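A.B. asks: The structure follows.
Any read-out appearing in this document is the output of simple, stated calculations on the displayed coordinates, not a laboratory observation. Treat the numbers as computed from the prediction; the structure is a model and nothing was measured. Here the Cβ positions follow ideal geometry from the backbone for every residue, glycine too, while neighbour counts run over all protein chains shown.
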Amino acid sequence: MAPLAAMLREEVIESVKADRRYAKQHGVDERTRPFIALKNDWRASLYPRATDSQFADGFAQTVMFSLIIALSEGMDLDGKRVPEIAEALETKHTVLGRSLALLTEHLEDFNVGITIQTIVRALSGADWQKISAGKQDVYLHLYEKFLSAYNPELRKKSGSCYTPVEVVDAMTRITDEALKQYLRVPKGLSSEEIAVIDPAMGTGTYPLSVLRNVAESARPYGKGAVADAVTAAAQRLYGIEIQSGPFSVAELRLSQAIRELGGTVPEGGLNLFVADTLEDSDSSSSVQLSYSLQRIAEQRQRANKLKKETPIRVCIGNPPYKDKAQGMGGWVESGSSVSGLVPLDAFREEGNGRLEYVLKNLYVYFWRWAMWKVFESTEKSKPGVVCFITATGYLNGPGFAGMRRWIRENTSRGWIINLTPEGKQPPVKTAIFDIETEVAIGVFIRNGENDISVPAPVSYIELEGTREEKFEQLAALSLDDERFTLASSEWTAGFVPAASKAWAQIPALADLFPWVAPGVKPNKAWVYAPTAPLLERRWDSLITEENEQEKRNMFKETSSTKFELPHKPLAGRDVEQETSIPFMEVKWPKRPAIVRVGYRSFDRQYLIADSRLLHRPSPALWAARIPEQLFVIEQHAHFPKAGPGLMFSALIPDMHCFNNRGGRSLPIYHPDGSPNVSPNLLEALAGILHRSVSVEELAAYIAGVSAHPHYVELFKRELKNYPNHVPLTTDPGLWQTAVELGGSSYLVAHLWGTGTAYGGIVFGAGRKRHEEHAAI
């Protein structure tokens, strides 16, 4: 069915485009065209922020899964028209039935209608009993298989991924333990006062796990007790899902599970909603809806009422991950339409603004929403638990300092279970998810006596081994496990094991070289190449392209590099370029300025040095490209985990130069040639070491100490919390050894072939000289 659903999606997109073209050509209001009107109805009733592609995807998944559910309910689809199917479906599945009717009404004569009828005919030949074989999880596996064939990129775009049931059940059990042992709720998740929500429900795996946990707790008291407990739990179990496909699967799985456990589905239906969790609950549509649309919009209205009024004690789940998600955070990011409150601002730290772009991630928006919902949303908010599995960036990244401060102030205790201590792109056998992102379970509780003046203690543990071994460890893990280690109690310190006090007092690299800057960030790959002639050919192809739209596509605009915008030129004679005119006006045979850059560690490439092409060119760094300049490059945002602790380059570096995961550079000279060191630092070192100390010697010492893998291995625990600290010795002999090792080996290796003069040696002057120093 996936190829047919994909075809339906593309038909809808093309129909919307065709409506726009028709309206423009004939001078009519596009809102009178059928597909644009349908999209507007969809936005008004369910998804106010839906784009054309999101509408088309919602259309295709709603139609497909409404029909599959009709099939699974025993409906004979053979020869049926879609309106008949929708009417019959509505008796048990109100939202899907009404949505199917809305989306397919009046479309039978269009290409979209023909595709839908094809889907109906195909499904009418399926035998659901043979497909399901009576297994409850058939819906889950069906959706997983469907999604991978329907749109392999959708999961990546939406940030959603299937959570193994072993992880889900462990999180549910740990949440139950937190309620019982730390919040004095003896019955845990079975307590009638505990309302639970999964704000990114997907196919309902977390709500199912909660029901299983409640049923298991009641099992010693007999089947009747299980039935009563499950019936009661279903009334205080909530879920929100933005995609109609997984929502329909969740509704079926939960309904079936409740019945199999002897329970009764709530009279008004399950508390599951097709809605946008992050939408402003105070927003209301100014569009006058028809009666049928109002009935569909009840879902959105009920979801918004839940957000504002229903006290929730537990929020659990696996929220979507998507970085660069600016504009996708709803009211969490942009603020309430009534109060003006911007919840995300609570995660900001004064003076940390330039690092806080990392907060623009879907999982961060959901963390903030969950904390607000459980701990702040209603006057009746009581002690509660937030338990998420997400990316690990917030554990120690500098841009998350404000988030960590807020959590330490507003929660009473926390636990971090790191499931990917192997780092990014873990070995396949160790990965919990089939993704390269590191993940950890975070559990935070707030009790009635929470004191905002005392930082909440946060405990940390790493689970290592194969995937199956991690599952086994999770199944046996308790929150009072003695293997948990306390993180630092400093307000903004990382949620990782605390370093020693001595290491905390060691200066950070930026304490030594105070001027720091991000590397070049073009946000387009074509401006880099391993050879200069290749870049010249690309430049010529772009300049001589006659089709304007194709030329724009080749250019690849960003928010700061526009085809029509001029820019200030970059500093340096070798990059002099007339950039005061827009790029669209550049005529052949104008030649590009091309320079060699540090693209990645040990990977030098060439770059078109034209400010009109570079999203964030880092102009100050270009001005600092002076003779004998040396750029010290640190990971900064993450613990390196393996390999050298620092990198060095005589070439201006790319932003991701260190290891393709961000970073920043610290030049040893300012553009005017003066040393980039803290005031009086060199003099103080000279007094301690009884010798003169230059900025070059300081850089060589730092290279000798930290530019090798053993540094990271030796100080693994310390670097997790303070990844950019560098120990300084007071022993003149050790200082001299490190300077010699750093200057004559590591820096020679990094600068070889650049022609850079450093410490009296011209690197690139001769292979024999290089080999002599490398041997040392």
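A.B. asks: By how many degrees, 0 to 90 and rounded to 10, does the Cα axis of helix 94-104 deviate from the longest principal axis of the chain?
C.D. replies: The helix 94-104 is inclined about 80 degrees to the chain.
A.B. asks: Moving on to the next point. For Pro455, what is the net charge nearby, where nearby means another residue's Cβ is under 11 Å from its Cβ and Lys, Arg count +1, Asp, Glu -1?
C.D. replies: That works out to +1.
A.B. asks: Any chance you could tell me what percent of the C-alpha pair distances in region 523-614 go past 16 Å?
C.D. replies: 54
A.B. asks: Counting only other residues whose beta carbon sits under 10 Å from that of Ala529, what net charge do I get with K and R as +1, D and E as -1?
C.D. replies: +1
A.B. asks: Based on Cβ point charges of +1 for Lys and Arg and -1 for Asp and Glu, what charge dipole magnitude is obtained for region 2-152 about its Cα centre, in debye rounded to the nearest 20?
C.D. replies: Its charge dipole is roughly 380 debye.
A.B. asks: Using alpha carbons only, how many angstrom separate the centre of region 444-492 from the centre of region 558-614?
C.D. replies: That distance is 48 Å.
A.B. asks: I've got another one for you. Go through Val165, Pro582, Asn523 and say which Cα lies farthest out towards the positive end of the charge dipole of the chain; charges sit on Cβ, +1 for Lys and Arg, -1 for Asp and Glu.
C.D. replies: Pro582
A.B. asks: Let me ask something else. Using only the Cα atoms of region 103-254, what do you get for the radius of gyration and for Dmax, in Å?
C.D. replies: 19.1, 62
A.B. asks: I've got another one for you. With θ set to phi - 60°, apply the Karplus curve 6.51 cos²θ - 1.76 cosθ + 1.60 along region 456-469 and write out the HN-Hα couplings as whole Hz, x wherever there is a Gly or Pro.
C.D. replies: For region 456-469, the Karplus curve yields 5, x, 10, 9, 9, 8, 10, 10, 10, x, 6, 4, 5, 5 Hz.
A.B. asks: Work out the FRET efficiency for Lys587 and Thr729 from their Cβ-Cβ distance, taking R0 = 60 Å, and round it to the nearest 0.05.
C.D. replies: 0.55
A.B. asks: Points 7 angstrom from Cα along the Cβ direction at Ser674 and Ala6: gap in nanometres?
C.D. replies: 6.1
A.B. asks: How would you rank 268-281, 721-734, highest first, on the average number of other Cβ atoms within 10 Å across their residues?
C.D. replies: Peptide ranking by packing, descending: 268-281, 721-734.
A.B. asks: Quick one: angle between helix 223-235 and the longest Cα principal axis of the chain, in degrees between 0 and 90, rounded to 10, please.
C.D. replies: 70
A.B. asks: Please name which of Cys315, Thr62, Ile194 has its Cα lying farthest along the dipole of the chain towards the positive end, using unit charges on Cβ (Lys, Arg +1; Asp, Glu -1) and the Cα centre as origin.
C.D. replies: Thr62
A.B. asks: If you don't mind, another one. Order these by the 10 Å Cβ neighbour count, fewest first: Asp198, Asp19.
C.D. replies: Arranged by neighbour count, lowest to highest, Asp198, Asp19 become Asp19, Asp198.
A.B. asks: Return the percentage of antiparallel bridges among DSSP beta bridges fully within the chain, rounded to the nearest 5 %.
C.D. replies: 65
A.B. asks: Of Cys657, Cys387, how do they rank once you tally other Cβ atoms within 10 Å and put the fewest first?
C.D. replies: With the fewest neighbours first, Cys657, Cys387 line up as Cys387, Cys657.
A.B. asks: What number does the chain give for Rg over Rh if you use C-alpha atoms and the Kirkwood radius?
C.D. replies: 1.01
A.B. asks: I'd like to compare 518-526, 586-594: which one has the highest average count of other Cβ atoms within 10 Å, and what's the full order after that?
C.D. replies: 518-526, 586-594
A.B. asks: Quick one: angle between helix 244-260 and the longest Cα principal axis of the chain, in degrees between 0 and 90, rounded to 10, please.
C.D. replies: The helix 244-260 is inclined about 60 degrees to the chain.
A.B. asks: Starting from region 236-287, pick out the trypsin sites (Lys or Arg not before Pro) whose DSSP state is loop and whose Cβ has at most 10 other Cβ atoms within 10 Å.
C.D. replies: Nothing satisfies the criteria.
A.B. asks: Oh, and also: Within region 363-397, find all residues whose amide N lies under 20 Å from a label point positioned 7 Å from the Cα of Lys308 along Cα-to-beta-carbon.
C.D. replies: 369-382
A.B. asks: I've got another one for you. With just the Cα atoms defining each centre, how far is region 296-327 from region 671-695? Give it in Å.
C.D. replies: Cα centroid of region 296-327 versus Cα centroid of region 671-695: 55 Å apart.
A.B. asks: Let me know the charge dipole size of region 523-614 about its Cα centre in debye, to the nearest 20, where only the beta-carbon of Lys, Arg (+1) and Asp, Glu (-1) is charged.
C.D. replies: Dipole about the Cα centre, nearest 20: 340 debye.
A.B. asks: Kirkwood hydrodynamic radius of region 2-152 from all distinct Cα pairs, in Å?
C.D. replies: Across region 2-152, the inverse of the average 1/r is 16.1 Å.
A.B. asks: Follow-up. Projecting each Cα onto the charge dipole of the chain (Lys/Arg +1, Asp/Glu -1 at the beta carbon, about the Cα centre), which of Ala303, His93, Gly222 comes out farthest on the positive side?
C.D. replies: In the chain, that residue is Ala303.
A.B. asks: As a test of the formula, what do you get for the chain when each DSSP H run with n ≥ 4 contributes -39,500 (n - 2.57) and the sum is divided by the residue count, at 222 nm and rounded to the nearest 500 deg cm²/dmol?
C.D. replies: Taking each H run of at least 4 residues, the total per residue is -12500 deg cm²/dmol.
A.B. asks: Is there a quick way to get the dipole size of the chain? I mean about its Cα centre, with the Cβ of Lys and Arg at +1 and of Asp and Glu at -1; what is the value in debye to the nearest 20?
C.D. replies: With Lys and Arg at +1 and Asp and Glu at -1, about 460 debye.
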